[in-house]
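What follows is one structure encoded as structure tokens, with my remarks underneath.
The values are calculated or read from the model by the stated rules, or taken from the named source; none is laboratory data. Small disclaimer: the values here were computed from a predicted structure and weren't measured. Using ideal geometry, Cβ is built from the backbone for each residue, glycine included, and neighbour counts are taken over all protein chains shown. Side chains are part of the model used for accessible areas, which takes the heavy atoms of the whole protein and leaves out ligands, DNA and RNA. Shrake-Rupley method; radii C 1.70, N 1.55, O 1.52, S 1.80 Å.
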Amino acid sequence: MEQPLTKNIRSTAEPLSLKEYEKTGGYQSVRKALAMPPQDVQNIVKSSNLRGRGGAGFSTGMKWSFVPMGPDARRPKYFVVNADEMEPGTFKDRLLLEGDPHQIIEGVIASAYAIEAEQAFIFVRWAYKLAIKRLEQAIKEAYANNYLGKNILGTGYNLELRIHGSAGRYICGEETALLNALEGKRATPRAKPPFPQVSGLFGRPTIVNNAETVANIPHIINNGPDWFKDLSRSNDAGTKLYGVSGRVKKPAIWELPMGVTVRELIEEHAGGMQDGYAFRGVLPGGASTDFLTSDHLDVKMDYDSVAKAGSRLGTGTMIVLDDKTCPIGFVHNLIKFFARESCGWCTPCRDGLPWLEKILRSIEEGTGQPGDIEILEQHCKLLGPGNTFCALAPGAVEPLQSAIKYFREDFKRHLRDKKCPWK
Amino acid sequence: MLSEKELQEINTELAHAVTKASASVDALNIIQRHRGWVSDEAVKDVASMLDMTPEELDAVATFYSFIFRRPVGRHVILVCDSISCFVMGYNPLLDVIKNRLGIAFGETTEDKRFTLLPISCLGACDRAPAMMVDEDLYGPVTAEMMEEILEQYK
Ligand SMILES: Cc1cc2nc3c(=O)[nH]c(=O)nc-3n(C[C@H](O)[C@H](O)[C@H](O)COP(=O)(O)O)c2cc1C
Ligand code: SF4
Ligand code: FES
């Protein structure tokens, strides 16, 4: 089984230096890409069917194709790596950033070249201190070897790459908020259109891609679209970094063919539930995805299959709910996070999420009122898609709306008994 | 007044910055690295370097969870209170800290040694429950380990 993204990653050791990385075939895709017209690089990525690994699953090649090209395009253009990774339960990008920083840099160079960008940023969250240190070191090496800077490898292509260390706010991961953060403003999201591809950072054409998306680019350029599609077991191409956390025996991240099932991940890779704990449900792709239950264990973990089962692949990192954890306590924890991280720009999210948090807390504490479940349901609709300025609020209510659907009896029991049965 | 070193580091950032304001978070991070927190006076001094008003810069500073606008202890304990750490039990860890240091989230010990704050998912969910002290990540943390971890920070 091929594991292109993680083949160089050794969990305890330092990441590969530039020289070691080159020996494993590193930076070949830069040579290859820079010898083609940028448009051809775009076409390779488009025909590979790579879909963005940041959560929404939008076609990467398609996204790049919206960038104005040629001599009349507004410049400088920007390429930005989204390594904010603050979604609870998501811990995949950290592995790539800490474990193989040169792979990210190689991906940046080829991607930036494909859209004719001359400036790139890696946006890293505050808490990833080790990742920032290792990326800085690797960038230094890349400059010293002329993979970055002026006239890269004598091709006439120039690219500057800098790291932006953030200061801790989940909304910065939303791509338009991220652009405001990079401009040094309060990181509230922007209205779309205009889309960043046309008018992004400092009003210039900009692409924002997730770190895992970017890590795929060198391998697609080196091995071609057909190789990439063959890695997968489903319609969505490539491998995927999958993760499982919660009360399983071996919580971790694995690189596996796109389309492994929920059951394989939990039972084989994660070693099943810990002794004394039973499976009740799972958020398949981070905190802002709907629950799946034991009826969905054979669902394939690709974008369309998980969507058909009523949830989203999201980040592909799952959080397991066990029978010794109260489902209401579980969603209360999630809603508390989203309420805290709301940027406050629009009213339904700023006021609605704290209200949901209060209702859930009172149900947990045994002071819930008749009608609370209906109020929660109504708010899941009011905070759903189309009613707020960005996707934070609709994402926040996904675990809640599905918890009410699958664990309704537990909600009712709290109200009836006026206490949490798990306490 | 900004120190020689702070000025120099902020100017290095400005040399690369597309607009002066775009270096705001970097500049605030620099101040905090040197002083532990960002005072009103520092906001004023930095704002003038970035051609921003103090109010504009403060709007940025107060947006972020980890730009400290009030003094913190010599060491900052960050306990992850997100979902995987909730499932794996961060609450018992808080009880240990509370008993040992007598502080809750948002508080600083009287000897100014520790400040305790919650942090959103540390991206270490496979090592839950996880926490950071200053720049060091720990996990999975047990109640028994806590004493030993805290002892390393004087
Ligand atoms: C509230 C919120 C937070 C987000 N956080 C992240 C993040 O930390 N990392 C990320 O790659 N995408 C995040 N996204 C998705 C981005 O907006 C964007 O879709 C993504 O970076 C695009 O990259 P991709 O096309 O490579 O997937 C977030 C979205 C929302 C609404
Ligand atoms: S939905 Fe929430 S996070 Fe998004 S813009 Fe509105 S207030 Fe901000
Ligand atoms: S939830 Fe605590 S590290 Fe991810």
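Estimate the FRET efficiency between B:D111 and B:T62 by the formula 1/(1 + (r/R0)^6), using the beta-carbon distance for r and 41 Å for R0, to the nearest 0.05.
0.90
Where does the charge balance sit around A:E212 when Lys and Arg score +1, Asp and Glu -1, over other residues with C-beta under 13 Å from its C-beta?
Its environment carries a net charge of -1.
Which links in A:K129/B:K154; A:K92/A:K185; A:K185/B:K44 stretch past 24 Å when you go from one Cα to the other?
A:K92/A:K185
If you place +1 on the Cβ of every Lys and Arg, -1 on the Cβ of every Asp and Glu, and leave all else neutral, what size is the dipole of chain A about its Cα centre, to the nearest 20 Debye?
740 debye
Can you list the HN-Hα couplings for the range B:138-154, worked out from phi with the Karplus curve (6.51, -1.76, 1.60; θ = phi - 60°), rounded to whole Hz and with x for Gly and Pro?
In residue order, the calculated couplings are 10, x, x, 9, 10, 4, 5, 6, 4, 3, 4, 5, 5, 4, 6, 10, 9 Hz.
Where does the range A:186-260 land on Rg/Rh, using Cα atoms and the Kirkwood Rh?
For the range A:186-260, the value is 1.12.
Distance from a point 7 Å along Cα→Cβ of A:R162 to each backbone N in the range B:21-48: keep the residues under 12 Å and list them by number.
B:21-27
5 Å is the cut-off here: which amide hydrogens, built 1.01 Å from N in the peptide plane, fall below it relative to A:S59, excluding neighbours closer than 5 in sequence?
Correct list: A:G52.
Amide H to amide H, which residues 5 or more places from A:E118 or on other chains are under 5 Å from it, using H placed in the peptide plane?
Amide H to amide H, under 5 Å and 5 or more residues apart or across chains, A:E118 pairs with A:K77.
For the range A:112-156, just run the numbers: alpha carbon Rg, then divide by 2.2 N^0.38 Å, N being how many residues it has.
1.34
Can you list the lysines whose alpha carbon is less than 17 Å from that of A:K324, not counting same-chain residues fewer than 8 positions off?
The qualifying lysines are A:K249, A:K419, A:K423.
Could I have the simple spin-label model distance between B:R100 and A:R74, label points 7 Å from Cα toward Cβ, reported in nm to one decimal?
Placing both labels 7 Å along Cα→Cβ, they lie 5.4 nm apart.
Using the Cα centre as the reference, give the magnitude of the dipole from point charges on the C-beta atoms of the range A:235-292 (Lys, Arg: +1; Asp, Glu: -1; all else neutral), rounded to the nearest 20 debye.
180 debye
I'd like to know how the protein assembly as shown sits against the 2.2 N^0.38 Å rule of thumb: what's its Cα Rg over that expected value?
0.95
Cα to Cα, under 16 Å, and not fewer than 8 places away if on the same chain: which lysines meet these conditions relative to A:K418?
Within the straight-line cut-off, A:K418 pairs with A:K358.
Provide A:F338, B:F68, A:F279 ordered by accessible surface of protein heavy atoms (probe 1.4 Å), highest first.
A:F279, B:F68, A:F338
Which far-off residues, 5 or more places away or on another chain, put their amide H under 5 Å from the one on A:V244, with H placed in the peptide plane?
A:A252, A:M318
Could you run the Karplus curve 6.51 cos²θ - 1.76 cosθ + 1.60 with θ = phi - 60° over the range A:85-91 and give me ³J(HN,Hα) per residue in whole Hz, x for Gly and Pro?
Taking θ as phi minus 60°, the curve returns 5, 10, 5, x, x, 10, 9 Hz for the range A:85-91.
Using only protein heavy atoms and a 1.4 Å probe, how much accessible area in total is buried between B and A, to the nearest 100 Å²?
Chain pair B/A: roughly 3600 Å² of buried accessible area.
Taking all protein chains in place and a 1.4 Å probe, what share, in percent, of the accessible surface of the range A:1-125 do carbon and sulfur account for?
The nonpolar share, carbon plus sulfur, comes to 53 percent.
Ignoring any ligand, DNA or RNA, what whole percent of the accessible area of the range A:190-266 comes from carbon and sulfur when the probe is 1.4 angstrom?
Ligands and nucleic acids excluded, carbon and sulfur give 50 percent.
Name the residues of the range B:85-127 whose accessible area, probed at 1.4 Å, falls by at least 50 Å² once all protein chains are in place instead of their chain on its own?
B:F86, B:V87, B:M88, B:S120, B:C121, B:G123, B:C125, B:D126
With a/c under 1.5 counting as rounded, go ahead and sort the range A:270-423 into rounded, prolate or oblate using the C-alpha gyration tensor (a ≥ b ≥ c being the square roots of the eigenvalues; past the cut-off, prolate if a/b is larger than b/c, else oblate).
Taking the square roots of the gyration eigenvalues as a ≥ b ≥ c, the range A:270-423 is oblate.
Using a 1.4 Å probe, what is the accessible area per residue for the protein assembly as shown, in Å²?
With all protein chains present, the protein assembly as shown gives 39 Å² per residue.
No solvent, one uniform scatterer per C-alpha: report log10 I(q)/I(0) for the range A:203-347 via the Debye equation at q = 0.18, 0.19 1/Å, two decimals.
-1.08, -1.15
So what J values fall out for the range B:99-104 if you push phi through Karplus, 6.51 cos²θ - 1.76 cosθ + 1.60 with θ = phi - 60°, rounded to Hz, Gly and Pro as x?
Residue by residue, the range B:99-104 yields 5, 6, 10, x, 10, 10 Hz.
Sort the range A:49-200 into rounded, prolate or oblate with this rule: let a ≥ b ≥ c be the square roots of the eigenvalues of the Cα gyration tensor; rounded if a/c is under 1.5, and if a/c is not under 1.5, prolate when a/b is larger than b/c, oblate otherwise.
oblate
Roughly how many whole Å is it from the C-alpha centroid of the range A:275-337 to that of the range A:372-388?
So the separation of the two Cα centres works out to 20 Å.
Starting from the alpha-carbon convex hull of chain B, give the projected area averaged over all orientations, in nm².
Answer in nm², one decimal: 10.0.
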